[in-house]
1. Give me a count of the residues in region 194-206 that are assigned to a helix (DSSP H, G or I), more than 14 Å from P172 (Cβ to Cβ) and either open to solvent by less than 50 Å² (accessible area, probe 1.4 Å) or touching an Asp or Glu at 6+ places or on another chain (Cβ under 8 Å) (or both).
2. Return the residues of region 283-298 that are under 16 Å from D257 (Cα atoms) and either among the basic types (K, R) or open to solvent by 40 Å² or more (accessible area, probe 1.4 Å) (or both); say none if nothing qualifies.
3. Looking at P289, P337 in this structure, which one is outside any helix (DSSP H, G or I), under 25 Å from the mean Cα position of the chain (by Cα) and within 30 Å of V142 (Cα to Cα)?
4. So V39 clears everything in (1) more than 20 Å from A154 (Cα to Cα); (2) touching a helix residue (DSSP H, G or I) at 6+ places or on another chain (Cβ under 8 Å); (3) open to solvent by less than 50 Å² (accessible area, probe 1.4 Å); (4) aliphatic (A, V, I, L, M) except one condition, right? Which one?
5. Does T193 meet the test of being in contact (Cβ under 8 Å) with a residue 12 or more places away in the chain and within 29 Å of A49 (Cα to Cα)?
6. Hey, any hits in region 17-25 for a residue that's in contact with a strand residue (DSSP E or B) (Cβ under 7 Å, 6 or more places away or on another chain), buried (at least 23 other Cβ atoms within 10 Å of the Cβ) and within 21 Å of S82 (Cβ to Cβ)?
7. Please indicate, with yes or no, whether at least one residue in region 120-134 is modelled with pLDDT of 95 or more, closer than 20 Å to G224 by Cα, buried (at least 21 other Cβ atoms within 10 Å of the Cβ) and more than 18 Å from the chain's Cα centre (by Cα).
Amino acid sequence: MLHVDLDQFIAAVEVLRRPELAGRPVIVGGRGDPTERAVVSTASYEARAFGVGSGMPLRVAARKVPDAVILPVDQEAYLAASDTVMATLRAQPGATVQVLGWDEAFMGIETEDPEAYARRVQAAVLERTQLHCSVGIGDTLVRAKVATGFGKPAGVFRLTSANWLDVMGPRPTRDLWGVGTKVSARLAKLGITTVAGLAASDPRDLVPEFGPGMGPWYAELGRGDGASVVDDTPWVARGHSRETTFQRDLTDPAQVDDAVRELTARVLEDVAAEGRPVVGLTLKVRYAPFFTTTHARKIPETVDRDEILARALDLAAGIEAGRPIRLLGLRAEMTMPGDARKGHTPTRGGW
């Protein structure tokens, strides 16, 4: 299995359109205006060297790199570039391709020399798109994904059962894909701080803390085990979401009502294109200065727009009156077709 990950994808696409930016710190986010409320979508390696990362407030990133070039997000350009990359991967001999997102995919191959195959993939992507990618090689999907990080930028790295613990064993558990700061802290409470410690743990000992599903899965993740089949079944969205960051906090209930109505209309445009009923709604609320909460509810299966709007407004009734709101988001969950691919993400034991 290969995991192909485009290097600084969004920033790289922008540099291709503006060659004069090569070698300069480039930050992409929002409408490209650091005085507005927005977050960083991506940053070039030159900007990352100053500590800029995805999800950081744009104004904070601008302070870290005063001479950075800050550009607005152009989703259509990134989607077009991604489509070309994925078409290039699918054109490789004998490859099964499982797309994970705009900038990454798994490739299932049969070859005696996976490194040479990976180099050919890199060359093909570069020739077709002028974009560089890193490739991880593994005998499971998890190992291939983790290997890519050691290959960046524009390199190739292999992780298998033979060298997994040599490479990953001494590292903190947060370095594992699917284990973040919060989960690593919970593992530390159990005396597990390294990947080797997690790999050696008894899955049953993790159940009280993480449950019967996630506990054994974290132990499996520590060993780098899991699925070893690339599935090219087309991915089907489970839901659609939209969110808006307001340049000025909302404080008036009428403003909140209008915002929820607008969000619902935008989400329903996406849902209508899928042609599947809605079965659940989640309203995301970020209060000023930066406290986020969610209100979720399962609803009877429906395609009725008025019914869905009414349910969304019901959720909005749970918003704290008079508390300033800086962001609202709405997600609609849909029914899934019977032939949809199962376990298309690395989390929740999906692989």
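1. Of the residues in that region, 2 qualify.
2. Those that are under 16 Å from D257 (Cα atoms) and either among the basic types (K, R) or open to solvent by 40 Å² or more (accessible area, probe 1.4 Å) (or both): K284, R286, H295.
3. P337
4. The failed condition is (3).
5. Working: in contact (Cβ under 8 Å) with a residue 12 or more places away in the chain: yes; within 29 Å of A49 (Cα to Cα): yes.
So T193 fits the description; yes.
6. No - not one qualifying residue is present in region 17-25.
7. Among the residues of region 120-134, not one is modelled with pLDDT of 95 or more, closer than 20 Å to G224 by Cα, buried (at least 21 other Cβ atoms within 10 Å of the Cβ) and more than 18 Å from the chain's Cα centre (by Cα), which makes the answer no.
One line per residue, one yes/no per condition, for (1) assigned to a loop (DSSP other than H, G, I, E, B); (2) under 24 Å from R286 (Cα atoms); (3) in contact (Cβ under 8 Å) with a residue 60 or more places away in the chain:
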residue	(1), (2), (3)
D5	no, no, yes
E20	no, no, no
E46	no, no, no
V52	yes, yes, no
D83	no, no, no
P93	yes, no, no
V99	no, no, yes
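The values are calculated or read from the model by the stated rules, or taken from the named source; none is laboratory data. Because the structure is predicted, anything quoted here is derived from the model rather than measured. Quick reminder, even Gly has a Cβ in these numbers, built from the backbone with ideal geometry, and neighbours come from all protein chains shown. For the accessible areas, the whole protein counts, side chains as well, though only heavy atoms, and no ligand, DNA or RNA atoms are used. Shrake-Rupley method; radii C 1.70, N 1.55, O 1.52, S 1.80 Å.
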